[in-house]
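Quick note: the coordinates plus some simple rules give every number you see, no bench work behind them. Just so we're clear, the structure is a prediction, and the values are computed from it rather than from any experiment. Note that each Cβ is placed from the backbone with ideal geometry, even for glycine, and that neighbours are counted across all protein chains shown.
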Protein chains: 2
Amino acid sequence: MGQRSTSGAAQQGTLDSDELRLIDAWWRACNYLSVGMIYLIDNPLLKEPLKVDHVKQRLLGHWGASPALSFVWAHLNRVIKRDDLDVIFMAGPGHGAPGVLGPAYLEGTYSEVYPDKSEDAEGMQKFFKQFSFPGHIGSHVTPETPGSIHEGGELGYSLSHAYGAALDNPDLIVACVVGDGEAETGPLATAWHSNKFVNPARDGTVLPILNLNGYKIANPTILARISHRELEALFEGYGYKPFFVEGSDHAEMHEKMAATLDTVIAEIRAIHEKARAGGEPERPRWPMIVLRTPKGWSGPKEVKGHKAEGSWRSHQVPFGDVRDNPDSLALLESWLHSYKPEELFDADGRLMPELRALAPTGSRRISANPHANGGVLRRELKLPDFRAYALEVSHAGQVLQENTRPLGEFLRDTMRANMSTFRVFGPDETASNRLQAIYEVSKKVWMGDLLPEDEDGGELSRDGRVMEMLSEHTLVGWLEGYLLSGRHGFFHTYEAFAHVVDSMFNQHAKWLDICKNHVPWRASVSSQNILLSSTVWRQDHNGFSHQDPGFIDLVTNKSPSVTRVYLPPDANTLLVVADECLRSTDCINIIVADKQKHLQFTTIDEAVVHCAKGLGVWRRASNDEGEEPDVVMASCGDVATQEALAATAILRERLPELKLRFVNVVDLFRMQPASEHPHGSTEREFDSLFTVDKPVIFNFHGYPWLIHKLAYRFRNHEHLHVRGYKEKGNINTPLELAILNQVDRFNLVIDVLDRVPRLQARTAYLREDMKNAIISNLSYAHTHGIDRAEITDWVWPD
Amino acid sequence: MGQRSTSGAAQQGTLDSDELRLIDAWWRACNYLSVGMIYLIDNPLLKEPLKVDHVKQRLLGHWGASPALSFVWAHLNRVIKRDDLDVIFMAGPGHGAPGVLGPAYLEGTYSEVYPDKSEDAEGMQKFFKQFSFPGHIGSHVTPETPGSIHEGGELGYSLSHAYGAALDNPDLIVACVVGDGEAETGPLATAWHSNKFVNPARDGTVLPILNLNGYKIANPTILARISHRELEALFEGYGYKPFFVEGSDHAEMHEKMAATLDTVIAEIRAIHEKARAGGEPERPRWPMIVLRTPKGWSGPKEVKGHKAEGSWRSHQVPFGDVRDNPDSLALLESWLHSYKPEELFDADGRLMPELRALAPTGSRRISANPHANGGVLRRELKLPDFRAYALEVSHAGQVLQENTRPLGEFLRDTMRANMSTFRVFGPDETASNRLQAIYEVSKKVWMGDLLPEDEDGGELSRDGRVMEMLSEHTLVGWLEGYLLSGRHGFFHTYEAFAHVVDSMFNQHAKWLDICKNHVPWRASVSSQNILLSSTVWRQDHNGFSHQDPGFIDLVTNKSPSVTRVYLPPDANTLLVVADECLRSTDCINIIVADKQKHLQFTTIDEAVVHCAKGLGVWRRASNDEGEEPDVVMASCGDVATQEALAATAILRERLPELKLRFVNVVDLFRMQPASEHPHGSTEREFDSLFTVDKPVIFNFHGYPWLIHKLAYRFRNHEHLHVRGYKEKGNINTPLELAILNQVDRFNLVIDVLDRVPRLQARTAYLREDMKNAIISNLSYAHTHGIDRAEITDWVWPD
């Protein structure tokens, strides 16, 4: 098992002496820039002896991961240039930003997008100063970095981002450096399996390069401290063919890396040729590289008697007391001089021509590859007319249908019209979420082994475009990589388990916020569309652990510029919302809609009007006829709307003199002031719907206090009484669960009675009826295991 | 590489024919109970022909994973009984609850804790009916299940839970069945590496049993569809010695499993003997089992012409139309009869004596093992007196100290006093978070390879008790397993990346809520203590991606019965809070405290008094002297408190006639009404601190709207003006970041001027000064890269 897959050391002579000298010089230039970024505020070319005033007052940045990143970059450039390859770079150890910023500057791209960081001494000084400096750029590969679609601020997602970018880009190679720290995270550990979802005939290539620099912040890494045999077996087990490039001698390592990269590129080409010659493509053993180099490679071997190169001590700034300690100042100066800057840059600070010639030009530069600014490649999604999928709703509130099923048909035809730029992602639940119509056009991609029984309803195919793996992390990583490289996608998941990717949402929202509002050269990308289905209210067989509507709470903490939340109450409003989301850019759109059968309330025409407003009065459920009502009943969410409507039906029948207004909210951010969110409501809009002093009973899909969090500035907030999920549940019938959390029709009627003072005295009989209804419905459910059939009838009388 | 580690098939004759017959009968009894739970509401022993009325009206549950779970259980019982082993069971596929509930019932434990589910026909009928039935128990291994500390509702954590339970339990074997669906999740994929943190001399054993039943809800699984060679290499790469038990024939599989289990137990014993003979323990290759069985094993081979056993169609209820379709009713009846219940249960419904004899007795029963009800084993943590670690604070607001450093010393001595029942967990950041004093007593456990340079500050040791791995998922999984099996622990992490484990928090909170409030036989366990450090306000070199104080928002959505959040403003309050948290039970305690140097405000005596109240007036920063103030300045969090105090210092100096009250909040839930949270405030308490009509400027550590979410019911809410983090940041000095989010002293002074009407006219000069201060401080930061030194001086004049 061993020999076949190791490489490098055996092959020699890939580089001639000139090539070796030049590639090493280019790498030295990168490293010089890295050290300069971390330490220098002036004297960028070391033209005068280094003085304290040339050093930043506060030293911030990460040196340790940087040299290996630019080492890989330098070697990629050689093969890109030679073979005219299309390559982007994913820096897993994104905190090693100097190792990415340096190459981008040397390739001229940095100066093109930030002209003040020009290719001369003055520009270099600004380039150094801005790094990890207040008011300027971060020490991670932030969105301001040209050539990047992956920040690496939070670890775990480099490899899934890489695979997402490679899908449907047959000629693209995504070189993904995975840090051995990041490799310990769960999301990264399972993302290796992405190779079972890549079709070599149609998709591009991910070349993973595991950089074993041995250390995290203060600890060794697991993968650097297991045997070679285990390491090799692990990646063979993951389905790769690992090649090892190990050492620290610069010249030897250049030779090994060049030879290995040649082998690997040849392997990739052979895989493509075989797969693209026709016939059913099989899963190949894709090559990957294990690059074992010292942490802080080329830096000081020792600092104050302690090992520095090859130690966790190189993780950030190897020595910090440069302004206070002359020895440290001298060490820094000799370290900088060790790269021989005078051989690398001319007197004006411009990279020497023979070194400039090493990098590719134009859009072949990794730092200028358009796939890493995917908006420039993005084509509009071709969308069918959503009206064609509408449900016929001749009698509102009478027909039960699965809300997500028409959406599945709409997505099916969206897929059909965009067969190389649109994908649907979900953790094993496309059919469970009633979206299986998509399979009529494209099945689930599956490059694992196939069995005869898969023919019977397995819906698997080598060229499927539906991505299903039981890892929300991997799915969302794929989707983000796919979107940021200029395509379109749709992710659906269980509402409760969206929390698995909370932190990925946070990071993507931050990325979009910065791109949209602070990085003008980044073109708009498609929004990330997330459907939360199998919601809290219908966990009939899964119970408490599957009940959590709190993902949208998280969403409301992020920038209003990029966050949208929709809770369509039925199938037709869901279609309208989905259409809007699929057209939008630079946002994260959350749609909450359950998959079970629910009552249908709106025709498609009504849905269009209602969704355009985002919230509004439903006249047929109201009887205030334009006057000031006694009470406002409001709802947001499918089950919440059904129960609120049922409550108004009871009230209209039993208390016809009560003036009642029914308001439904589809676009959650309409509940915030316009000053806080672009979809927010003006005070006048809010007051005219919810009144300024009448009680409002608001039946909400999620945790009730979210509505208070959004609406607390509005005038009538003090009369806003919100019902929602409050962590009461187990195995329950739908009505029982509603009752436990008091979002049911009976409790809502009681809420109204409690809050309209003139009713309180003379409605004891109705209150009693409601209490009895609660008791008898619970008793029925506990005896028969189901709700009484008639409870859905009593909603919206014609 | 191959032969050495496969097993099972070669060895025959482990079981004699009687043993084989009996173990198969016990397993049949389990399967019979599983099918009964899913389908039957009556006629539990099939004494009369099956009729529609015997079948539940709604069929809910998961059959597919159940048979393999009870198969493993049955075989474990054989070796437990023979060798008097101490074994608990972790059901990764927790939705296969029937496969766990059945054995618990057969062992008599279920009837002991739920006497109405007695060991007779009547009890069995109740046992069947309650399963996945409204108002009763879930279809997962919920907290109501004796013998379990792992629900499996959300997938990914079985293996880390298992390892957590095994730590410091040298004689315990945790048999952990990992489903091949769960194996695709990130958290599980990295948890295999937990074997690098288990010391065989001191810790117990995890025996992972990967059950390849081949399918998830609707898809094949990755690990079931790769080659045998890849599968074997993967687990060798993870550091295990895999044994394969594969097949479907019941008798053959009993033989293979028995033989393999004998081999595996012998291997474990050999590892222990070697490691416990003395000398430095090395990492062994722990055995694990790959159990490949059909999904829905022993169920119908076909249903309506489609493959059922061995297909995803067996995932939940293999056929549901039993009440409508006589063929299906007949199929169910013959399926049930295939287990020959009359051979398994006597006429009264009691398990036959020869089968009862197969299970161990008393606390050796897996279902009654006290490690799975860890509270019964828990001993109080021996805590040193926290006062001994207090900082001397002779001049409040003048000395800068790292808030977490004294905590590190307190934890060090806590560790010393509890060397087999307390552990500290963190992702590579114990030293970064200034807790490194702990290493004086116990280093980081490391069973990977050791290098000579580790001696120089590596702080690694085979018998360390500090757990560091770059996987928050694994760490929290270990901690949960450790706590639920009766021990104590402390987890610290970067505040922003606590979101990585949002969903684990949700699930643990739900588990604790049910145990505490609904399962009286579960004994109290130690609280989960989580320190969020490296907070949003001090990400000087990491920037925007590391700024997220929203984890505590999530916490406020879960049951008030189990959630606590503390924001101590300085080192001494942090000590007091930590002491309280370490003593508490059945809660999740979140402590938010930054690691950087901060001003110290309270002596330890003041800290004790202040923390006991949870919030209170700081008189030295106030000048209202018991009268009604003009304005209340409130703060919560370390940086927020420093800035709010600085604002009051400015105001006292510049507007001495302004009556100002300063309130600090340590216990966040004091901001909620007492009706909502056990730590909440009464209306009287709240009104007396915050007044009923004066402006309150509340400077908050986190997202500002969280305070509104908590406090919206209080009378003075409409005058509550909250400042906090609002997603504005990048690389910033501390003061610059505060200014961007308007939590800084200067903006707070302006807030006061804006909100005290009588000040507005005559304070233009002060407002102008504040604006100038903002401009000049930002300018200084952008020029020099640091804050002006004097900004911390101006806080709390004596």
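Taking 7 Å steps out from each Cα toward its Cβ at residue B:52 and residue A:625 produces label points 4.9 nm apart.
Sorted from closest to farthest, the other copies place their residue B:227 label points 2.2 nm away, with each point set 7 Å from Cα along Cα→Cβ.
In straight-distance terms, cross-link reach from residue B:771 covers every one of the lysines whose alpha-carbon lies under 22 Å from its own, apart from those fewer than eight places away in the same chain; here that gives B:726, B:728.
Paramagnetic label reach from residue B:779 (point 7 Å along Cα→Cβ; backbone nitrogen cut-off under 17 Å): within the range A:120-161, residues A:135. Residue A:301 label point (Cα plus 7 Å toward Cβ) to equivalent points in the other copies: 7.2 nm, shortest first. What you get for chain B, charging only the Cβ of Lys and Arg (+1) and of Asp and Glu (-1), is a dipole of about 660 debye around the Cα centre. Remark: mean inter-chain Cβ contacts per residue of B:147-153 equal 2, using a 10 Å Cβ-Cβ cutoff to other protein chain atoms.
Measuring nothing but how far apart in sequence close Cα pairs (under 8 Å, 6+ apart) lie, relative to its length, chain B scores a relative contact order of 11 percent. Relative to the longest principal axis of the Cα atoms of chain A, the long axis of helix A:250-276 makes an angle of roughly 50 degrees.
Rounded to the nearest 10 degrees, the angle from helix B:66-83 to the longest Cα principal axis of chain B is 80 degrees. Distance from the C-alpha centroid of the range A:596-666 to that of the range B:30-98: 46 Å, rounded to the whole angstrom. Annotation for residue B:251 and residue B:675: the two label points, set 7 Å from Cα along the Cα-Cβ direction, are 7.0 nm apart.
Ranked by how many other Cβ atoms sit within 10 Å of their own Cβ, fewest first, the residues B:706, A:40 fall in the order A:40, B:706.
Taking 0.36 nm per residue of separation and subtracting the current Cα-Cα distance, fully stretching the chain between residue A:517 and residue A:377 would add 48.4 nm. Annotation: amide H of residue B:698 within the under-5 Å range of B:634, B:721, B:722, B:723, sequence separation 5 or more or interchain, hydrogens built in the peptide plane.
The ranking of B:340, A:597 from fewest to most other beta carbons within 10 Å of each one's beta carbon is B:340, A:597. Packing-based ranking of A:539-545, B:653-659 yields A:539-545, B:653-659, ordered from highest to lowest mean Cβ neighbour count within 10 Å. Sequentially through the range B:378-391, phi angles give Karplus couplings (6.51, -1.76, 1.60; θ = phi - 60°) of 5, 10, 4, 6, 8, 10, x, 6, 4, 4, 5, 9, 5, 7 Hz, Gly and Pro residues having no value and appearing as x. Tell me, how many Å apart are the Cα centres for the range B:248-274 and for the range A:346-372? Centre-to-centre (Cα) distance: 61 Å. Using C-alpha pairs below 8 Å separated by at least 6 residues, the relative contact order for the range A:543-686 is 26 percent. Basic side chains Lys and Arg get +1 at the Cβ, acidic Asp and Glu get -1 at the Cβ, and with that the dipole of the range A:386-598 about its Cα centre reaches some 840 debye. Taking Cα atoms only, the orientation of helix A:17-39 departs from the longest principal axis of chain A by about 60 degrees. Straight Cα distances below 22 angstrom link residue B:81 to the lysines B:256, with same-chain residues fewer than 8 positions distant left out.
Considering only beta bridges that DSSP places wholly inside the protein assembly as shown, some 15 percent are antiparallel. Between residue B:338 and residue A:400, the modelled label-to-label distance comes to 3.1 nm, taking each label 7 Å out from Cα in the direction of the beta carbon. In this structure, the residue pairs whose Cα-Cα separation is over 21 Å, taken from B:47/B:304; B:274/B:444; A:196/A:443; A:216/B:595; A:597/B:129; B:301/B:340, are B:47/B:304; B:274/B:444; A:597/B:129.
Peptide B:463-474 is shielded by partner chain Cβ atoms: per residue, an average of 4 of them sit within 10 Å of its Cβ. Per residue of peptide B:79-87, the mean number of Cβ atoms on other chains within 10 Å of the residue Cβ is 0. Among B:429-437, A:767-775, A:81-89, A:549-557, sorting by the average number of other beta carbon atoms lying within 10 angstrom of each residue, highest first, gives A:549-557, B:429-437, A:81-89, A:767-775. Between the range B:324-340 and the range A:454-473, how far is it from one alpha carbon centroid to the other, in angstrom? Centre-to-centre (Cα) distance: 32 Å.
For the listed peptides B:575-586, A:641-652, B:244-255, B:175-186, a ranking on the average number of other beta carbons within 10 Å per residue, highest first, reads B:175-186, A:641-652, B:575-586, B:244-255. The alpha carbon gyration tensor of the range B:615-792 gives principal lengths a ≥ b ≥ c with a/c of 1.5 or higher and a/b no greater than b/c, which makes the shape oblate.
Residue by residue, the range A:773-783 carries 3J(HN,Hα) couplings of 4, 4, 4, 6, 5, 5, 5, 4, 4, 6, 8 Hz when phi is fed to the Karplus relation 6.51 cos²θ - 1.76 cosθ + 1.60 (θ = phi - 60°); x denotes Gly or Pro.
Position residue B:715: other-copy label points at 2.5 nm, ordered by increasing distance, label point 7 Å along Cα→C-beta. Rounded to the nearest Hz, the phi-derived 3J(HN,Hα) couplings of the range B:634-645 under the Karplus curve 6.51 cos²θ - 1.76 cosθ + 1.60 (θ = phi - 60°) are 10, 9, 8, x, 5, 5, 4, 5, 4, 5, 5, 5, where x marks glycine and proline.
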